[in-house]
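Below: the structure, in structure tokens.
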Amino acid sequence: MRQVVEAASALDDKDFLAVVRAVVERRPSLSVLLSVVDIAAASLEPNRVEDADEDTITDAEEVELPDTVVEVDEIIDVPVVLATDPRIPEPDYTEGGVPTFDRVREKIEGRFGTSTGSAELAHESPAGKTVDEQWDERQKAAKAKLEEIRRSMGK
């Protein structure tokens, strides 16, 4: 499989599309892929040949397949699922370029969640636990010192 990918990667776009077309034409279940190949081929600049005698430009009619042949150990047959109802996502900004209320709310909630999660993770880390232990020790020492001062003033 790796050899097939390496060989296909070495091809230019037109040759690659010609190889895919040759493979897909023999498989009716991949007719959608064939239409995608046609669209991709049409989007490429047509292969033009300039006739030196007449100064006219004509489209090349045939694309030859490369001479490289690679054997494949297994053929992966994957079903093609077509989207029946393509949906366009709601825009996050108004026509004037102002973010919508929902966009702002989602961004604030995302930042709040991130900061809360970061604080919780920091508190649960070994370094965070050490800081908490140090704080507790200082609180106990402060209470003990306060009790000592109160006892000494009462005597």
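A compact table of results
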item: Contacts under 8 angstrom Cβ, first residue in region 131-145 being more than 18 Å from Leu121 (Cβ to Cβ), partner of a type in the set (S, T, N, Q), 6 or more apart; result: none
item: Subset of region 35-54 [at pLDDT 75 or above and either buried (at least 16 other Cβ atoms within 10 Å of the Cβ) or of a type outside the set (Asp, Glu) (or both)]; result: Ser35, Val36, Val37, Ile39, Ala40, Ala41, Ala42, Ser43, Leu44
item: Region 104-155: number of residues that are outside any helix (DSSP H, G or I) and either open to solvent by 100 Å² or more (accessible area, probe 1.4 Å) or of a type outside the set (Ser, Thr, Tyr) (or both); result: 1
item: Candidate set: region 10-24, residues that are under 21 Å from Asp77 (Cα atoms) and modelled with pLDDT of 80 or more; chosen: the one surrounded by the fewest Cβ atoms within 10 Å (Cβ to Cβ); result: Ala22
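The values are calculated or read from the model by the stated rules, or taken from the named source; none is laboratory data. The structure presented is a predicted model; accordingly, all values stated were derived computationally and were not measured. Here Cβ is always computed from backbone atoms with ideal geometry, including for glycine, and neighbour counts include all displayed protein chains. Keep in mind that these areas ignore ligands, DNA and RNA; they rest on the heavy atoms of the full protein, side chains included. Shrake-Rupley method; radii C 1.70, N 1.55, O 1.52, S 1.80 Å.
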